[in-house]
Amino acid sequence: MAANLNSTAPVVITPSAENMKFAIVVSRWNFDITNKLLLAAVNTLKSAGCEEHNIIVKWVPGTFELPLAAQLFAETTDVNAIITLGCVIKGETPHFDFVCQGATQGIMQLQINEAIPVTFGIITTLNEQQALDRAGGKHGNKGEEAALTAIHMVQLANEMTANVLVQTSHTSIS
Ligand code: INI
């Protein structure tokens, strides 16, 4: 299977996710959007060979709750990576900024502190149309992107752990 991780990157080969285990934490806020992210994330993992029983899904109330939910998975389970999915749409107050900032910093801090990949499948937009465009619309699906990224980061972590990291040419992608 091949997929682009972003619009400017060359095509990369997705590693097999056959022996990988993932948690997906997903926010109930803006359910119509986050459910599309979830379906794409699960399909992406399965297409890469991940077995259904190795994909654990947990819903949380809002995007602000995602970092703690991810941390609980990191500390109490044997998953290889955690995929966070949410959707924050800007309203009339600064609430949007606090939710986005809390989730972003919490997730980054978590993956660094716990040394486990925690990917960011959170859509942050000015309106609903922009969110739909990124949940299976004209700008792809952030759930797919977060799942693909998780697979790549687990592969990297596995190479490091097994001490089989292969140095690649500075001009090639693998
Ligand atoms: N949570 C979201 O995931 N998306 C939003 O757009 C949103 N807005 O707009 O308020 C939102 N708020 C809830 C927040 O994530 C927490 O659940 C809440 O503050 C309780 O901690």
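So the values come out like this:
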quantity: Residue-averaged 222 nm ellipticity for the chain, from DSSP H runs of 4+ at -39500 (n - 2.57), nearest 500; calculated: -14000 deg cm²/dmol
quantity: Loop-located GluC sites (Glu not before Pro) in the range 9-106 whose Cβ has at most 11 other Cβ within 10 Å (DSSP); calculated: Glu18, Glu92
quantity: Neighbour net charge for Asn158 - beta-carbon separation under 14 angstrom, K R +1, D E -1; calculated: -2
quantity: For the range 92-102, Karplus couplings with θ = phi - 60° (6.51, -1.76, 1.60), whole Hz, Gly/Pro x; calculated: 8, 10, x, 3, 3, 5, 5, 5, 5, 4, x
quantity: Within-11-Å neighbourhood charge of Gln130 [Cβ basis; K, R +1; D, E -1]; calculated: +1
quantity: Folded to 0 to 90 degrees: helix 31-47 orientation relative to the chain principal axis, Cα; calculated: 10 degrees
quantity: Pairwise FRET efficiency - Asp78 versus Gln109, Cβ, R0 = 22 Å, nearest 0.05; calculated: 0.55
quantity: Net charge of neighbours whose Cβ lies under 15 Å from the Cβ of Val25, counting Lys and Arg as +1 and Asp and Glu as -1; calculated: +1
quantity: Antiparallel bridges, percent of DSSP beta bridges restricted to the range 22-167 (to nearest 5); calculated: 10 percent
quantity: Length released on extending from Gln130 to Ile13, taking residue separation times 0.36 nm less the Cα-Cα span; calculated: 39.3 nm
quantity: Whole-number Å³ per residue for the convex hull built on Cα positions in the chain; calculated: 120 Å³
quantity: Cα long-axis angle, helix 66-76 against the chain (0 to 90 degrees, to the nearest 10); calculated: 40 degrees
quantity: Separation in nanometres of the label points that stand 7 Å from Cα toward Cβ, at Ile56 and Asp32; calculated: 3.2 nm
quantity: Gaussian network model of the chain, springs between alpha carbon atoms under 10 Å - residue of Ile89, Ile24, Ile33 with greatest fluctuation; calculated: Ile89
quantity: Candidates Thr34, Thr93, Thr14, ranked by Gaussian network fluctuation over the chain, Cα under 10 Å, top entry; calculated: Thr93
quantity: Gaussian network model of the chain, Cα within-10 Å springs - most flexible of Val11, Val26, Val57; calculated: Val11
quantity: Accessible surface, per residue, of the chain when the full set of protein chains is kept, probe 1.4 Å, Å²; calculated: 56 Å²
quantity: Lysine pairs within the chain, Cα separation less than 16 Å, 8 or more sequence positions apart or different chains; calculated: 6
quantity: Linear extension gain, Thr93 paired with Asn43, 0.36 nm per residue minus alpha-carbon span; calculated: 14.5 nm
quantity: Distance in nm between pseudo-label sites at Ala162 and Gln101 (7 Å out along the Cβ direction from Cα); calculated: 4.3 nm
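The values are calculated or read from the model by the stated rules, or taken from the named source; none is laboratory data. This is a predicted model, so every value here is computed, not measured. With ideal geometry, Cβ positions are generated from the backbone for all residues, glycine too; neighbour counts draw on all protein chains shown. For accessibility, only protein heavy atoms count, side chains too; no ligands or nucleic acids. Shrake-Rupley method; radii C 1.70, N 1.55, O 1.52, S 1.80 Å.
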